[in-house]
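Novice: Here it is, the structure, as structure tokens.
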């Protein structure tokens with residue numbers, strides 16, 4: 001597993017729009033889960049796509065892979081296919097972002113880069129709160145695919161690397177802080193909390209923190 | 001749509017005979033007195049409790065005063081662990097358990113370790129999910145006061161050698177002229193299938209509850225061998241010999257006693273039926289669906305437990321696809337809990353996280369028929385195939401089914 005960057009989380013100011021009734025998920029999530037749009041049925045032919053992005057790892061419970069076909073003249077996404085290993089909301093979220101990126105003739109790469117988890121969650125009619133952090137990683141996979149396209153066509157100045165993200169806005173802890181803590185030897189949630197105070201007064205961020213810790217442990221210590 | 005419920009390890013439907021036995025204590029017509037009251041209705045309620053206690057004691061082959069009623073399995077486990085450890089604080093501070101215990105055992109143990117200065121040893125299991133009794137013995141130190149090992153695992157259904165472990169602990173106590181360590185077992189998953197005779201199990205404390213044996217939810221038992229002191233968790237009116245204060249759940253107690261009686265009476269025949277069904281189900285899944293793996297020992301497992309890893313897909317997605325077909329199963333997968341961690345039990349078998357994430361538990365019950373299993377076997381391959389076609393993951397071959 002060659003991760004180059006940590007898993008993305010939704011912006012921390014997302015609100016819980018859990019409108020579910022008897023089922024865990026909204027009707028839109030259900031629809032996209034049972035009838036996923038645009039997933040890649042057959043392995044791609046050479047030249048079928050010109051940008052590929054992957055994100056997550058099955059060990060963390062989610063992995064998304066995105067294939068895009070970009071029109072070099074307009075820089076619009078004319079085809080978007082994907083595969084996802086993950087729970088119901090992860091599958092539905094990837095399906096939804098494929099719709100968002102290709103509807104109305106397709107978004108330009110610049111527009112597509114601005115798609116954020118909150119937009120995907122809104123379009124899905126909300127997700128249960130605990131699913132925010134783990135299941136909407138598809139925007140990150142898409143941005144990796146966009147970077148991959150620019151790399152292939154040699155527009156290196158257009159490759160954008162991800163900046164820091166605020167994980168816990170109460171304690172002001174970013175993913176970089178967590179990365180630093182793990183590199184300095186913190187191996188468990190408790191040890192990372194000792195160093196960063198992440199999630200001390202905000203337990204809702206803990207699943208995201210656990211995932212980051214595992215990610216960085218894998219990255220730096222292969223464990 | 002025909003519903004197929006295969007989650008009996010989580011909860012069983014109430015047996016109508018049990019409901020019938022409980023009815024009089026629910027309908028408010030006659031038996032509503034507080035068992036602690038000194039008048040006739042109170043005495044009647046008290047008598048009913050004592051009769052139930054006696055019936056349970058007969059099945060456990062113990063004395064009635066060794067049976068304490070609680071609110072369920074979690075409370076019984078907590079009472080056993082916190083109660084004994086705290087009462088024996090001046091005798092020693094080392095506790096032993098296993099890596100595959102239920103959270104109702106692990107969490108109080110970890111609490112004692114983190115907050116109250118106890119030392120905790122967690123015994124590993126074999127790759128088939130079985131605890132080696134010798135490993136337990138080896139872990140015992142002079143200051144070990146308490147050992148808790150489950151009778152059967154709630155996720156993978158493996159049956160642990162409780163009698164052997166109990167025997168070794170008794171021998172250790174004799175040879176070392178010590179009263180300790182005490183030995184507790186959580187028998188919540190086992191009580192519907194296995195013999196609960198205390199004298200054969202060599203345990204000092206034993207937990208079971210109503211919800212796994214076609215009895216009511218919200219009622220449990222802690223068997224405590226006479227003479228063992230423990231510190232209560234609840235203080236109040238002195239019910240249950242002061243060990244568990246609070247007005248008794250009379251209807252629940254009656255229902256639990258009835259449920260245990262019925263399930264123990266029918267177990268030999270029912271186990272035989274379920275084992276045939278279970279083994280058929282396992283064989284057919286492994287045969288019909290590639291890249292599947294049975295977790296837990298093939299034979300040392302509960303008659304109703306089928307636990308399978310479906311590689312390359314995630315358990316919750318599979319659960320929801322089956323749910324849409326009216327098939328109700330369970331996953332120990334992270335997404336159903338508040339944490340993202342996959343099941344600690346599957347990880348304890350030495351399996352990687354990507355395999356743990358793709359695991360499902362099917363737990364059969366009294367109502368499960370061969371037709372049900374055949375229906376599931378028809379639906380399952382297509383659902384797995386569809387989810388695999390969506391998945392980018394291809395887990396390595398070495399984690400496939402063991403030969």
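Novice: Whether any residue in region B:258-279 is in contact with a helix residue (DSSP H, G or I) (Cβ under 9 Å, 6 or more places away or on another chain), more than 14 Å from chain A (Cβ to nearest Cβ), outside any helix (DSSP H, G or I) and more than 30 Å from residue B:53 (Cα to Cα) is what I want to check.
Specialist: Checked region B:258-279: no residue is in contact with a helix residue (DSSP H, G or I) (Cβ under 9 Å, 6 or more places away or on another chain), more than 14 Å from chain A (Cβ to nearest Cβ), outside any helix (DSSP H, G or I) and more than 30 Å from residue B:53 (Cα to Cα).
Novice: Still on this structure, I have one more. Can you tell me which residue among B:366, B:385 is at pLDDT 95 or above and outside any helix (DSSP H, G or I)?
Specialist: The conditions single out B:366.
So that you can scan it fast, the table gives a plain yes or no per residue for (1) touching a helix residue (DSSP H, G or I) at 6+ places or on another chain (Cβ under 9 Å); (2) more than 22 Å from residue A:152 (Cα to Cα); (3) more than 10 Å from chain B (Cβ to nearest Cβ); (4) surrounded by fewer than 23 Cβ atoms within 10 Å (Cβ to Cβ):
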position: A:45; (1), (2), (3), (4): no, no, yes, yes
position: A:53; (1), (2), (3), (4): yes, no, yes, yes
position: A:60; (1), (2), (3), (4): yes, yes, no, no
position: A:71; (1), (2), (3), (4): no, no, yes, yes
position: A:87; (1), (2), (3), (4): yes, yes, no, no
position: A:111; (1), (2), (3), (4): yes, no, yes, yes
position: A:125; (1), (2), (3), (4): yes, yes, yes, yes
position: A:130; (1), (2), (3), (4): yes, yes, no, yes
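Novice: Going by the conditions given, is residue B:64 surrounded by 15 or more Cβ atoms within 10 Å (Cβ to Cβ) and assigned by TED's automatic domain parsing to the domain that holds residue B:220?
Specialist: yes
Novice: Going through region B:107-122 one residue at a time, which ones are surrounded by fewer than 21 Cβ atoms within 10 Å (Cβ to Cβ) and closer than 15 Å to residue B:183 by Cα?
Specialist: The answer is B:120, B:121, B:122.
Novice: Hey, among the residues in region B:301-324 that are in a loop (DSSP other than H, G, I, E, B) and over 22 Å from residue B:366 (Cβ atoms), which one's nearest to the other protein chains (Cβ to nearest Cβ)?
Specialist: It comes out as B:314.
Novice: Taking the options A:101, A:112, A:181, A:90, name whichever one is over 30 Å from residue A:73 (Cα atoms) and either at pLDDT 90 or above or not in a helix (DSSP H, G or I) (or both).
Specialist: The conditions single out A:90.
Novice: Quick test of your reading of the structure: residue B:182 fulfils all but one of (1) closer than 29 Å to residue B:295 by Cα; (2) surrounded by 19 or more Cβ atoms within 10 Å (Cβ to Cβ). Name the failing condition by number.
Specialist: (1)
Novice: On to the next question. If I filter region A:159-175 for residues that are in contact with a strand residue (DSSP E or B) (Cβ under 7 Å, 6 or more places away or on another chain), in a helix (DSSP H, G or I) and in contact (Cβ under 8 Å) with a residue 60 or more places away in the chain, do I get at least one hit?
Specialist: Among the residues of region A:159-175, at least one is in contact with a strand residue (DSSP E or B) (Cβ under 7 Å, 6 or more places away or on another chain), in a helix (DSSP H, G or I) and in contact (Cβ under 8 Å) with a residue 60 or more places away in the chain, which makes the answer yes.
Novice: If I filter region B:374-383 for residues that are buried (at least 20 other Cβ atoms within 10 Å of the Cβ) and within 13 Å of another protein chain (Cβ to nearest Cβ), do I get at least one hit?
Specialist: Yes: region B:374-383 contains one or more residues that are buried (at least 20 other Cβ atoms within 10 Å of the Cβ) and within 13 Å of another protein chain (Cβ to nearest Cβ).
Novice: Given the conditions (1) outside any loop (DSSP other than H, G, I, E, B); (2) surrounded by 15 or more Cβ atoms within 10 Å (Cβ to Cβ), report the number of the one that residue B:296 does not fulfil.
Specialist: Of everything listed in (1) outside any loop (DSSP other than H, G, I, E, B); (2) surrounded by 15 or more Cβ atoms within 10 Å (Cβ to Cβ), residue B:296 misses just condition (1).
The values are calculated or read from the model by the stated rules, or taken from the named source; none is laboratory data. On a predicted model such as this, the values are computed, not experimentally measured, just so you know. Every residue, glycine among them, receives a Cβ derived from its backbone with ideal geometry; neighbour counts consider all protein chains shown.
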